[in-house]
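These notes are about the structure you will find just below.
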Amino acid sequence: MDVLKAVQTYVLKMVTEVPGMKVLLLDAHTTPIVSMVTTQTELLSHEVYLTDRIDNNSREPLNHLSCVAFLSPTDQCVDWVKQELAKPRYGGYWLYFSNTLTKSQIEEMATVDEFEVVKEVQEYFADYLAQYPSHFSLTQAIYSVQPPLYLPPPLHLPPPTLTSHLRGIMATLLSLKKRPVIRYERMSLAGKKLANEVQAAMQHPPYRELFDFRPTQGPSPLLLVLADRRNDPVTPLLSQWTYQAMVHELLGITNGRVRIDGEEKIELRDLVLSPSSDPFYSQHLFANFGDLGAAIASYVSDYQSRNSTLGPASTNRIETVADMKRFVEEYPEFRKLGGNVTKHVTLVGELSRLVERDDLLAVSEVEQSLASQESHQADLKSVMTLLSSPKVRPANKLRLAILYALRYQKLPQNQIAQVIDSLIMNGVPADRARLVYVMLNFAGADVRQDDLFMNENFFSRGKSALKGLKGVENVFTRHEPHLAQTLDLLLKGRLREQSYPFIEGDEGARTQKPQDIIIFMVGGTTYEESRAVALLNQRLASDAAGGPGGTRILLGGSTVHNSHSFLNMVEQAAEHFPQSIYAPPPNAPPSSLLSSTTNSPNPSSTPLSISGSGVPAPSNGPSLNLRAGGYELSVGGVAGSGLYRANPNDGMGVNVSGGNFELPKMESVVGVAGGLRDGAGRLWGNVRQKVEERVSRGSTPLGG
């Protein structure tokens, strides 16, 4: 259950089975797969003297070198191989593909191999990024040419996305030699679709024969759980305070590389972070920011002590042959240590600068309160204070607003509309502020299947209160990913089948406790969840009750998110949903500023004429909306005046410039027409008074 070791084993086989000096050919898909698990120095030790891309047409012929090609089995790559074999640049070719080839693809390559330079063709199932021994993701190359991950029904997962996810999961299972029992989140139609595809793929060619390997020892099979990012939209939105997650949130980690554009030294602008080749990073990637500072200080002190014996100032101490031998043996390691110290000091310094610049301590404290406890008045006050702070960046203000909306969506007294108005007034563009409503429609309480905030019933609130009494070690790391709660229930055998059903045909395994578990999250994982799984694995490995070696858990996902990438994913998906995804959820009041800007043809300009007729567009002045009897009368406002057919489920109501007076639905007022007639005069009196009040304020900047 170590994906890092599995991919390393594949790469090692490729470069050691081919004798002599060699070149390694990769493509856009396989380049990050290899770079995540090995280094140029390690490849050089196996006589790999050149690494290149197969799509590089300017490569020079080197007939004295053998070629090891590790490629994805796409039609494009097969075409590149055919072009390569028609005019060979190297003495011999060993072709390795990251997933299954079709019979026709093999025949096409064999047809053009007139010079018989192909020595071997193999399928090595390293078709995923090994982020950590217990964490993997799909490669980013698959998203460059594909539609958004989420689409509205009935597609849910577009065919190209479904295929890439299926290939990644099948490659993971085959690289670990595991045949799974499958469960999925009931609310996730995308997860159910993917689960059925995985089940079908194991029963049909080309994968059926590949899963005929000897079953693992013991009666318990591997359990594959397909989860959905929408069931926990909170975790990707939080500020992070552990090393790996913090670097990804503030700077971004792309295929193990970090870019610092503002760094003065050019050699420190592009840094490599790899747990497999960086001992300090491997030891402290889960450390919180405070412990990390102490570790960096110790690391620097160790370097300084070694510098006194091996640095330039110590050359006069080399007096004997033994001193020379010691210096030659230790100096390369010392130089490597110096480079590593400089890299981590630079990273931590940049993180400290960003924390101070963006006031992230204050932001994170409110985020953690929103994610971990319910205190509406205090949270609302804190959120509104930070939204008006000039020191807080717009992206962080948006995250705070979304977290507030997710937490208090079902609270009758929530102020979501006012929070959105405050966002717009404090510098967040309207097209970004509307992501608050998008998130509620995309991953709100009506979409999620689990009680994410433990506040939906009496028992959940009690459990949440008891959890709060236990206290926390760090106020900035109070939040626990929802994934940790799911795994806890799963390990205790209490994960309800109604919420996580088995795929048809796997029901016989429902009574067995799984020894190995793979959680694959459609929509992407986070480094906070990766940390939770890694720490849980450490605890289970030392648990005597867990059996030999303990239960092992592996986390995978579509990608690894930070808050920026997660919001971009949601925004791109929303473009393919009906326009109603930008509207407030049912029973939620609309934002007055958001509705007035998003309904306008050009929010940043003055009103435009309609169809070039010279008639000015409807103004943003006071408006009246009366809804009754299946029709809605609209007077004034950005949409103009008119009589429209209303949604029959909307009942009756009157809306005056954002002020909402709701009446019961028609079903509840049958037989009380007399009462309605009696109250009509009072109702219209209230409406008229509201209009007059709004008109009197119409001259103010926010009057409309």
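Coordinate-derived values only; no laboratory data. Keep in mind that this is a model prediction, so the values were computed, not measured. So basically every Cβ, Gly included, is an ideal-geometry build from the backbone, and we count neighbours across all protein chains shown.
Once you've got the Cα coordinates, tell me which of 265/397; 178/492; 178/513; 22/82; 192/410 are over 25 Å apart.
Among 265/397; 178/492; 178/513; 22/82; 192/410, the Cα-Cα distance tops 25 Å for 265/397; 192/410.
Once you charge only the Cβ atoms, +1 for Lys and Arg and -1 for Asp and Glu, what is the size of the charge dipole of the stretch 329-411 about its Cα centre, to the nearest 20 debye?
Using Cβ point charges on Lys, Arg, Asp and Glu, the stretch 329-411 gives about 420 debye.
Ranked highest first by average number of other Cβ atoms within 10 Å, how do 422-430, 230-238 line up?
Sorting 422-430, 230-238 by mean packing, highest first, produces 230-238, 422-430.
Taking the stretch 162-280 as the region of interest, what is the percent of Cα-Cα pairs per 5 angstrom bin, listed from the shortest bin to the one with the maximum distance?
So the P(r) values, bin by bin, are 2, 9, 14, 14, 12, 13, 14, 11, 7, 3, 1, 0.
Between the alpha-carbon centers of the stretch 90-115 and the stretch 367-444, tell me the distance in whole angstrom.
One Cα centre to the other: 55 Å.
Which chymotrypsin sites (Phe, Trp or Tyr not before Pro) does the stretch 90-159 hold that lie in a coil by DSSP with at most 14 other beta carbons within 10 Å?
Answer by residue number: 115.
Equivalent-ellipsoid semi-axes (√(5λ), Cα gyration tensor) for the stretch 3-125, whole Å, largest first?
21, 17, 13
Within a Cβ distance under 12 Å of residue 89, other residues only, what is the Lys/Arg minus Asp/Glu net charge?
Here the charged neighbours net out to -1.
With equal scatterers on the alpha carbons only and no solvent term, can you work out the Debye log10 of I(q)/I(0) for the stretch 201-271 at 0.18, 0.27 1/Å?
Reported log10 I(q)/I(0), two decimals: -0.85, -1.24.
Could you sort the peptides 159-170, 254-265 by per-residue average Cβ neighbour count (10 Å cutoff), highest mean leading?
159-170, 254-265
Which residues' amide hydrogens lie under 5 Å from the amide hydrogen of residue 502, considering only partners 5 or more residues apart or on another chain, with H built in the peptide plane?
Those lying under 5 Å, H to H, from residue 502: there are none.
Find the eigenvalues of the gyration tensor of the Cα atoms of the stretch 226-266, then list the square roots of 5 times those eigenvalues as equivalent ellipsoid semi-axes, largest first, in whole angstrom.
Taking √(5λ) for each Cα gyration eigenvalue gives 27, 12, 8 Å.
For residue 92, which sequence-distant residues (separation of 5 or more, or a different chain) have an amide H within less than 5 Å of its own amide H, given hydrogens modelled in the peptide plane?
Residues meeting the amide H criterion: 67.
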